[in-house]
Amino acid sequence: EYTEAIKFIDIALQKSTWKKQKARLQYIKAQLYEKAGNPDQAAREYAAVLKLNPEYKMAFNARINAFGIFSGTGDGEKMKKELQKMLKDKKNQEFRDQIHYALGNIYIAEGNRDQVIDNYRQSVAYSVSNQFQRALSAITLADLYFEDFNYRQARAYYDSAMIIIDESYPDYTNLHEKYQSLANLVDNLVTVEREDSLQKIAKMPEIEREALIANLMKEEQE
């Protein structure tokens, strides 16, 4: 009941005098608006967190979350420039996975699918210590590949996620069932492709077949 929760967070904010606690409550309020499906208001609430001068990690996450829930309204180009600037900052090296994920979210709101996929891929690649972000990025990317009927890539990124997550992950049961079905599908597709290739080779004239095999052996040796 996010709307009800926000009412009580507002009361707590009014009564709080400790700056650190105020920043924490404001951050929770922003998260609640995000959960309630109001990204524009959530972004404003995350901006309010920054005005309270919180510790660096909270300030970073407030900024990233505000960018990551970009709904298409506002200055997307300005956000992307700021995120690119954050990528170059040495202080943010351990947070590059989150930055690329936020960039991917902006590009998806703009309909730029190539940039979306590129940034989600980089988010997965840079996720080393933040396992939740790695799983989130991998699943988001796998879903995109699935929509594009690129089942092999979808399976590969679901693989990356399933190694990390357990039953406590949101919607784990449905995710696991989808992964199992996809794994079976890809195994069957690989079998069909292999059999098709073998049959084509078998039907070749012997000279062509021997040349093909010789070329494959050469490539393998190299």
Using only alpha carbon positions, build the gyration tensor of the range 1-63, then give the equivalent ellipsoid semi-axes as the square roots of 5 times its eigenvalues, largest first, whole angstrom.
18, 15, 7
Packing-wise, with mean Cβ within 10 Å as the measure, how do 182-191, 89-98 rank, highest first?
89-98, 182-191
Over the chain, average the accessible area per residue using a 1.4 Å probe and give it in Å², no decimals.
63
Round to a whole angstrom and tell me the spacing of the C-alpha centers of the range 183-209 and the range 1-15.
62
Virtual spin-label span in nm between Val128 and Ile201, 7 Å along Cα→Cβ
4.0
Kindly rank 63-70, 41-48 from highest to lowest mean number of other beta carbons found within 10 Å of each residue.
63-70, 41-48
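At 0.36 nm per residue, and after removing the present C-alpha to C-alpha distance, how many nm does the segment from Asp10 to Glu193 gain when stretched out fully? Please list the in-between numbers first.
On the way: separation 183, 0.36 × 183 = 65.88 nm, distance 5.98 nm.
Computed gain between Asp10 and Glu193 is 59.9 nm.
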For a quick check, take a GNM of the chain with Cα springs below 10 Å and name the residue from Arg121, Arg113, Arg209 with the largest mean-square fluctuation.
Arg209
Charged-residue dipole, Cβ positions (Lys, Arg, Asp, Glu), the chain about Cα centre, Debye nearest 20:
1680
Need one word for the range 55-135: rounded, prolate or oblate. Basis is the Cα gyration tensor (sqrt eigenvalues a ≥ b ≥ c); a/c below 1.5 gives rounded, then a/b vs b/c decides.
oblate
Leaving out ligands, DNA and RNA, what percent of the accessible area of the range 1-89 is carbon and sulfur, probe 1.4 Å?
52
So what is the calculated 222 nm ellipticity per residue for the chain, using -39500 (n - 2.57) for each DSSP H run with n of 4 or more, over all residues, to the nearest 500 deg cm²/dmol?
-26000 deg cm²/dmol
Within the accessible area of the range 100-177, what % is carbon and sulfur when the probe is 1.4 Å and the other protein chains stay in place?
48
So between Asn174 and Ala48, what do we pick up on full extension, going 0.36 nm a residue minus the alpha carbon distance?
41.7 nm
What order do you get for 165-174, 17-26 when each peptide is scored by the mean count of other beta carbon atoms within 10 Å, highest first?
17-26, 165-174
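Using Cα pairs under 8 angstrom and six or more residues apart, how large is the relative contact order of the chain, in percent? The partial results should precede the final answer.
On the way: 211 pairs, mean separation 21.3, N = 222.
Taking the mean separation of contacting Cα pairs over the length of the chain, I get 10 percent.
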Here are several values of log10 I(q)/I(0) by the Debye sum over Cα atoms at q = 0.08 Å⁻¹: [x] -0.36; [y] -0.43; [z] -0.27. Which one was derived from the coordinates shown?
[y]
Give the average over all directions of the projected area of the C-alpha convex hull of the range 115-215, one decimal, in nm².
8.7
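The values are calculated or read from the model by the stated rules, or taken from the named source; none is laboratory data. Not measured: the values here are computed from a predicted model. Reconstructed Cβ throughout: ideal geometry from the backbone, glycine too, with neighbour counts over all protein chains shown. Protein only, heavy atoms only, side chains kept; ligands, DNA and RNA dropped before computing areas. Shrake-Rupley method; radii C 1.70, N 1.55, O 1.52, S 1.80 Å.
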